[in-house]
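Trainee: I have a structure I would like to understand better, so I am pasting it below and will then ask my questions one at a time.
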Amino acid sequence: MSIATTLKQKLFRWQIDGLGPLRLSQRRIFILPTRGGLLFALALVVMLLGAINYTLALGHALVFLLAGLGIVGMIHAFRNLHGLVITPGRCPAVFVGETALFQLSLHNDRSSPRLGLELAAVKENVVNAAVNPLESTKINIPINTIKRGWLELPRVRLSTRYPLGLFMAWSYLQPSMRCMVYPQPLVSPLPLPSTMPKLGERHGDGGQEDFAGFREHQAADSPRHVAWKASARDTGDRPLLIKQFAGGAEVELELDMALTDPALPLETRLSLLAGWLLAAEAANCSYALRLPEKAIASAQGERHLQNCLEALALHQA
């Protein structure tokens, strides 16, 4: 490890904070005057020169009173951050184009409130926050997503100008947080399903033995299962009706990347697969996913959908 790297790690320790609670100490808090604070200081200098020139005792008293007020504002700006405890939370998975929300919990163990807090990631919108005495509050840091895969939380700046706006105190946070970003789904017709016999089981959609009722038409349904007479009696506002039979077969979808057009870009093909996964789950079908380097067996449910979407997000990422 080079000397420059070692020195950087010692000087900028806040860049790696892990997943545990972090208490802001005085070594992590920086403070500088704002533009208004600099103008305030310039005004005090002009007032002091005038008081000296005209030997005004009240002028001297006013200048020192305002200077003391500024120093008190600087101390309170520092204390507004000092001792604040930040705990990383969870970030639910999103699709490309959506906003990832990284949750941070702010805990105040003092008997006075912490007001005027501002949190912002690099080049992102500022989130305002306040923490009541002896309470905690949860803040979501929004990050725009532009590509699939793991999205790491960039460095977050926690700052405050409270109470007078003359000084700004800030600290940098770098929790080890990341968010899974799925490919943006594209709506397209599902591939043709296959019928797989299941001995000893009975399902509501698979066989052709006993009539069990009607349900609304799904994209994967065959036109020969449409109940044309029952649909004709409808007003036309609802989707077509599909006959349901009680039998011993189950509809299963094989969602293979080979079914997409090889001439399309990779991201478009993954988006098509993502759209198929959502449509298959909405249709309550069993489905399998097959990628060039990974295959997921047929199943259904929220957990299975997440595993399939995660495989798409990490494909050649």
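Trainee: Quickly run through the range 149-178 and pick out the residues that are within 21 Å of R23 (Cα to Cα) and over 24 Å from the mean Cα position of the chain (by Cα).
Mentor: R161, Y162, M168, A169
Trainee: Take the residues in the range 16-40 that are surrounded by 15 or more Cβ atoms within 10 Å (Cβ to Cβ) and aliphatic (A, V, I, L, M); name whichever of them is nearest to E152 (Cα to Cα).
Mentor: Filtering first and then ranking leaves L22.
Trainee: Next up: Residue under question is E135, and the condition is that it be at pLDDT 95 or above, more than 17 Å from the chain's Cα centre (by Cα) and among the acidic types (D, E); does it hold?
Mentor: Criteria met by E135.
Trainee: Can G37 be described as assigned to a loop (DSSP other than H, G, I, E, B), under 52 Å from the mean Cα position of the chain (by Cα) and either assigned by TED's automatic domain parsing to the domain that holds R90 or not charged (D, E, K, R) (or both)?
Mentor: Criteria not met by G37.
This table checks each residue for (1) under 14 Å from W170 (Cα atoms); (2) modelled with pLDDT of 95 or more.
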position: S2; (1), (2): no, no
position: K10; (1), (2): no, no
position: R13; (1), (2): no, no
position: Q26; (1), (2): yes, no
position: L39; (1), (2): no, yes
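Trainee: Which condition number does P142 fail, the rest of (1) more than 19 Å from H82 (Cβ to Cβ); (2) out of contact with any Asp or Glu (no Cβ under 7 Å at 6 or more places or on another chain); (3) not in a loop (DSSP other than H, G, I, E, B) being met?
Mentor: (2)
Trainee: Let me ask something else. R114 passes all but one of (1) at pLDDT 95 or above; (2) out of contact with any strand residue (DSSP E or B) (no Cβ under 7 Å at 6 or more places or on another chain); (3) among the basic types (K, R); which number fails?
Mentor: The single condition R114 does not satisfy is (2).
Trainee: Looking at the range 115-147 only, could you name the residues that are crowded, with 17+ Cβ neighbours inside 10 Å and among the hydroxyl-bearing types (S, T, Y)?
Mentor: T145
Trainee: Does any residue of the range 106-114 turn out to be exposed (fewer than 13 other Cβ atoms within 10 Å of the Cβ), of a type in the set (G, A, S) and out of contact with any helix residue (DSSP H, G or I) (no Cβ under 8 Å at 6 or more places or on another chain)?
Mentor: Checked against the condition, which is being exposed (fewer than 13 other Cβ atoms within 10 Å of the Cβ), of a type in the set (G, A, S) and out of contact with any helix residue (DSSP H, G or I) (no Cβ under 8 Å at 6 or more places or on another chain), the range 106-114 yields at least one hit.
Trainee: Residues of the range 148-190 being surrounded by 17 or more Cβ atoms within 10 Å (Cβ to Cβ) and either at pLDDT below 90 or outside any strand (DSSP E or B) (or both), which ones?
Mentor: Of everything in the range 148-190, those that are surrounded by 17 or more Cβ atoms within 10 Å (Cβ to Cβ) and either at pLDDT below 90 or outside any strand (DSSP E or B) (or both) turn out to be R148, L153, R161, Y162, L164, L166, Q174, M177, P183, Q184, P185, L190.
Trainee: From the list A299, A295, A283, which one is small (G, A, S), at pLDDT 90 or above, under 29 Å from the mean Cα position of the chain (by Cα) and surrounded by 13 or more Cβ atoms within 10 Å (Cβ to Cβ)?
Mentor: Within the list A299, A295, A283, the selection yields A299.
The values are calculated or read from the model by the stated rules, or taken from the named source; none is laboratory data. Values in this document were obtained by computation on a predicted structure and should not be read as measured data. Using ideal geometry, Cβ is built from the backbone for each residue, glycine included, and neighbour counts are taken over all protein chains shown.
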